[in-house]
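Worksheet: one structure, shown below.
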Amino acid sequence: MSLKLRMLMLIGLFLVLLAGTGGVVMIANAREAVQAEMRSVLNLAVALGGTARLSDAQAFNALGLRHLRVVEAGEPVPPSGPSAAGAPSWFVALIGVGIQDRILDRPGGPALRLIAEPDDEIAEVWEDMTGLALAMLVTGALLLAAAWVAVDRALRPLDRFAEAMDRLRAGTYEVRFDGGEVPELARLGAGIVALTRALAAAEAESRRLGHQLVAAQDTERREIARDLHDELGAALFGIKVDAGRILRLGDPAAAAGTAAAETVERARSILTTADTVHRLSRRILKRLRPAVLDQLPLGEALGELVGEWSRRQPGVRWTFDLRTDPDGEGLDGLDEALRITVYRLVQESLVNALRHARPSTVAVSVRVTEGEMAIRIADDGPGVDARAVGPETGSSGGFGISGMEERVRALGGQLVIGCGDLGGTEVCARLPVRRDRLAERAA
C-alpha cells in the first residue's frame, strides 16, 4: 500500500471516528430533548386542564397540541397516527423514549388521561440527523478529495527523489534533490546531495587508486620480465655455451675412457635442463607481459591475436571488427594499463570460448568513441556459466573471469557476461579511455 493511500485511509478513519462520536452525542442529546419535550407537553396539558373550557377530552384534542392526545380514563388508547412512520424502528430503539401519560382528575368532571407521544419528535430528530449525515458525507468526500490533492503535492518531491536515486544507482552522481516547499524534505535532499558528492569523490579516488594499482602491477611485471630476460636469459645462454663446449671437448671420437663418456652425458643433461628452463622463462615472460604490445600498436596486436587463433583453428569462422571515431584519436597513445587490460581481456575470452564453448563462429569487435572503449567477444556455442571459468582453468593468459572483472572495475569500467546475439556466450566490456600524454610527447 502506497504512503499516499495510507495517509488518506488514516484521514478517512479520523472522519469516521469523528462522525461516530458526533452521532453518539447527538443521539444522547436527542433522547434528553425528547424526554424534556414530553414532560413539557404533559405539564402544559395539566395547566390547561384547570380551565372551564377544557371540560372533556374532545376539547383538549381540539387544541391541536403537538405530541398530545387526551382520552377519558379507562378508555383504550387509539393507535398512533401516520406521523410516527418517519423514523426506522432501530433509531426509535436508540432514542429509547416511549409513550408517557398522566391522569388528570377534575372535580365535577370525568378523569382524563393525558398521553404524550414522542413519535413526531423522534421523526423530526431523524430528519435532522439524516440531513446532517448527508452534509457530513459530502463534506467528508470533499475533505478527502482536498486531502488527496494536498498529499499528492506534499509527496511529489518523493517521486523526484526516487528518480534521482535511480540515476544514482546507475552511477550518475550529478543529481539534484528538490524538496519542494517541505522543509523536512529539503533538509533530506540536501543531506542526500552531500552524500552523493562524497560517494562521487570516493569513487573517483577508488578509480585513481585502482588505476595506480594496475599500473604498479604492470610496472612490476615489466621489471620482472626484464630481469628474467636480461639476467636469467643471459645465465641460461652461458650454461648452454659452456655445455656445448664441454660436449665438443668430450667427443668420444676425440677422447677415450669412462671420464670422457661421463663428461659427454653430463653436458647433454645440462643442455636439456637449460632448454627446459629457457622454455619456462619464455612462458613466464609471456604470462607477465604480452611482448607483442612492445612491438605493435594495440589494434594490430589484437588483429595478430585473432589471426593466430584462426591459423590454429581453421574450422572456426573468425571475424575482427575495429572501429574508431573518425574525429577522435583512435587507439593512439592509450594508457599502458588500458592497452594491457584490453589485450588480456580479448586473449582470455578467446581461450575460454575455444575451451568451453567449442564454437563454429567467434566475433571480436572493438569500438572506440570519444572517452569510451567498448569490447565485445561473442561465440555461437552452447554458452558457459561465468562461474565455471576463472583463474583455476589455467588459461594461457592467466587472467580468468575474476581477474577480468577486477581489472576492468579498477580502471573504472564495466564487464558483463551473458547470452549474445550469436546464441552463445558474449563478453562485453566498457572502459573509459585514458591516454598516456607523456608517451605521446616522447613519441
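The values are calculated or read from the model by the stated rules, or taken from the named source; none is laboratory data. Small disclaimer: the values here were computed from a predicted structure and weren't measured. A quick note on method: Cβ atoms are made from the backbone with ideal geometry, for glycine too, and the neighbour counts reach across all protein chains shown. Ligands, DNA and RNA are stripped out before the accessible areas are found, and what is left, the full protein with its side chains, is counted by its heavy atoms. Shrake-Rupley method; radii C 1.70, N 1.55, O 1.52, S 1.80 Å.
Tell me which residues, restricted to segment 90-123, are part of a helix (DSSP H, G or I) and either among the hydrophobic types (A, V, I, L, M, F, W, C) or more than 29 Å from Glu72 (Cβ to Cβ) (or both).
Let us first name the residues in segment 90-123 that are part of a helix (DSSP H, G or I), namely 90-95, 119-123.
Answer for segment 90-123, where residues must be part of a helix (DSSP H, G or I) and either among the hydrophobic types (A, V, I, L, M, F, W, C) or more than 29 Å from Glu72 (Cβ to Cβ) (or both): Trp90, Phe91, Val92, Ala93, Leu94, Ile95, Ile122, Ala123.
In this structure, does Ala201 turn out to be part of a helix (DSSP H, G or I) and at pLDDT below 70? So Ala201 does not fit the description; no.
Criterion first (closer than 30 Å to Arg207 by Cβ and not aliphatic (A, V, I, L, M)) does Gly189 satisfy it? Don't jump to the end; show me each part of the working.
Details: closer than 30 Å to Arg207 by Cβ: yes; not aliphatic (A, V, I, L, M): yes.
Yes.
Among the residues in segment 303-324, are any out of contact with any strand residue (DSSP E or B) (no Cβ under 9 Å at 6 or more places or on another chain), closer than 16 Å to Thr425 by Cβ, free of Cβ contacts under 8 Å to residues at least 60 places away in the same chain and open to solvent by 10 Å² or more (accessible area, probe 1.4 Å)? No: zero hits. In this structure, Asp230 does satisfy being modelled with pLDDT under 70, open to solvent by 50 Å² or more (accessible area, probe 1.4 Å) and in a helix (DSSP H, G or I).
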